[in-house]
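Some notes on the structure that comes next.
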Amino acid sequence: MRLCLLASGSNGNACYVEAGETRLLVDLGIGPRVLGWRLEPLGVVPADVSDVLLTHEHTDHVKGLEGLLKRRPDLVIHGTRSTLRSLPREIRGHGRKVRPDEPFGVGDFQVTAFVTSHDVGRSVGYRLEAAGAALGYATDLGAFGAR
């Protein structure tokens, strides 16, 4: 498993994770040009990304989705019902609903969402497992523990 934090902060959040042939992002709060610059040293281009896991709907976590969809029209966007509902209709059509504590597969990954504490309808973090390795990802935690 390979991980690279591409952006973190109020100007945008994005994390690249790959295992085997699967390349995905957790959140995408940066535009396509910046995404391309940040992926380039990894030998990856934005069109290589097949899926995005959204933690929540704030702009600094989702503003790059439209740009990536132009490069990858079959992009799959995973998020909770409230997160997906907040997205524009053309983006929402690429959504797959995530339910906390219900594992699902994304290519070479087994993914489980877990509830986090933040000021939105339902924010989540993710546990990603692949090839004997595991990664936990959570952001914008207002308090330790789930609400």
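The values are calculated or read from the model by the stated rules, or taken from the named source; none is laboratory data. Fair warning: this is a prediction, and the values are worked out from it, not measured in the lab. We place every Cβ from the backbone using ideal geometry, glycine too, and count neighbours over all the protein chains shown. Side chains included, ligands, DNA and RNA excluded: accessible areas come from the protein's heavy atoms. Shrake-Rupley method; radii C 1.70, N 1.55, O 1.52, S 1.80 Å.
Structure summary
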item	result
Percent carbon-and-sulfur accessible area, the chain, ignoring ligands, DNA and RNA, probe 1.4 Å	47
Estimated distance in nm for a label pair at S117 and L135, the labels positioned 7 Å out from Cα along Cα-to-Cβ	2.6
Kirkwood hydrodynamic radius of the range 37-81, from inverse mean 1/r over distinct Cα pairs, in Å	11.4
Accessible area in square angstrom per residue, the chain, 1.4 angstrom probe	49
Sum of side-chain charges, H61 neighbourhood, beta-carbon under 9 Å (Lys, Arg +1; Asp, Glu -1)	-3
Distance cut-off 16 Å, percentage of C-alpha pairs in the range 44-147 lying past it	57
Peptides ranked, highest mean first, by Cβ atoms within 10 Å: ranges 105-114, 41-50	105-114, 41-50
Largest-first ordering by accessible area, 1.4 Å probe, given options S86, S8, S123, S117	S8, S86, S117, S123
Antiparallel bridge percentage (DSSP; both residues within the range 1-102; nearest 5)	55
Two-site label geometry, R33 and R127: point separation in nm, points 7 Å out along Cα→Cβ	4.1
Solvent-accessible surface ranking, highest first, for Y16, Y137 at 1.4 angstrom	Y137, Y16
Accessible area (Å², 1.4 Å probe, nearest 10) - R122	90
Distance between the range 1-74 and the range 87-122 - C-alpha centres, whole angstrom	15
Rg and Dmax [Cα atoms of the range 10-95; Å; Rg one decimal, Dmax integer]	11.7, 34
